[in-house]
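Below is one structure; the comments refer to it alone.
The values are calculated or read from the model by the stated rules, or taken from the named source; none is laboratory data. Since the model is a prediction, treat every value here as computed from it, not as a measurement. Cβ coordinates were reconstructed from backbone atoms using ideal geometry, including for glycine residues, and neighbour counts include every protein chain displayed. Side chains are part of the model used for accessible areas, which takes the heavy atoms of the whole protein and leaves out ligands, DNA and RNA. Shrake-Rupley method; radii C 1.70, N 1.55, O 1.52, S 1.80 Å.
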Amino acid sequence: MDEKEAPRVGAAVKRRRRALQLTLAVVASRSGLSVPFLSQVENERARPSRRSLELVAEALETTAGELLAAAEASRTVDVVRSGDRSPGMPAGVRPLVRGRHQLHALEFTGEQDAGREFQHRNDELLYVADGAAEVEAEGRAYRLDRGDTLYLSGGVRHRWRATEPGTRLLVVAVGDHVEAEEE
């Protein structure tokens, strides 16, 4: 099986490993594969050969077939139309991704509560699609105009406000239910 035919099973491997509460080191020890290779597989930077997948599956007390099925089941293609609204979301806030995935994205339109402070466990990117905004983070104020982005690492306290009418701010982050790890 060549690289293009090799399965993308990283998310399924990571979910199974975490469900069993195993570290990469334990899976490496059980499978005979290296921790760096397993990390690359889990992060979709490497694709295992059929034999490596079988070794990983055995270490995770499952089968290669079950990992492949879980990987296929986790693939999603979903279009969120501009007019789609989600019940329970406040006015001016629209999710750009439905469901619970690794990627979390929201669109904020109009004024927001500038006094409300945010702090998220995982990294976050703010992108101004229209208008302008001011973000206060780590004791500094940043003015963002249309097309500007601001990156915040996990744990940074911040607040923001629109500074022009019709401002649309997109917030993209690793979902809070996912434990982002340093590589």
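Just checking, which of Arg121, Arg94 is in contact (Cβ under 8 Å) with a residue 40 or more places away in the chain, surrounded by 15 or more Cβ atoms within 10 Å (Cβ to Cβ) and among the charged types (D, E, K, R)? Can you show your working first?
On the way: Arg94 fails: in contact (Cβ under 8 Å) with a residue 40 or more places away in the chain.
Exactly one residue qualifies, and that residue is Arg121.
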* In the stretch 19-49, what count of residues is obtained for those that are touching an Asp or Glu at 6+ places or on another chain (Cβ under 9 Å), touching a residue at least 24 places away in the same chain (Cβ under 8 Å) and assigned to a helix (DSSP H, G or I)? -> 3
* Structure fact -> Sole miss for Gly88 among (1) more than 29 Å from Tyr142 (Cα to Cα); (2) open to solvent by less than 60 Å² (accessible area, probe 1.4 Å); (3) in a loop (DSSP other than H, G, I, E, B) is condition (2)
* In the stretch 132-149, what residues are under 15 Å from Leu170 (Cβ atoms) and either touching a Cys at 6+ places or on another chain (Cβ under 6 Å) or open to solvent by 20 Å² or more (accessible area, probe 1.4 Å) (or both)? -> Asp145, Arg146, Gly147, Asp148, Thr149
* Structure fact -> Sole miss for Glu107 among (1) in a strand (DSSP E or B); (2) among the acidic types (Asp, Glu); (3) at pLDDT 90 or above is condition (3)
* Structure fact -> Exactly one of Glu61, Glu66 is farther than 18 Å from Gly166 by Cα, of a type in the set (Asp, Glu) and not in a loop (DSSP other than H, G, I, E, B), and that one is Glu66
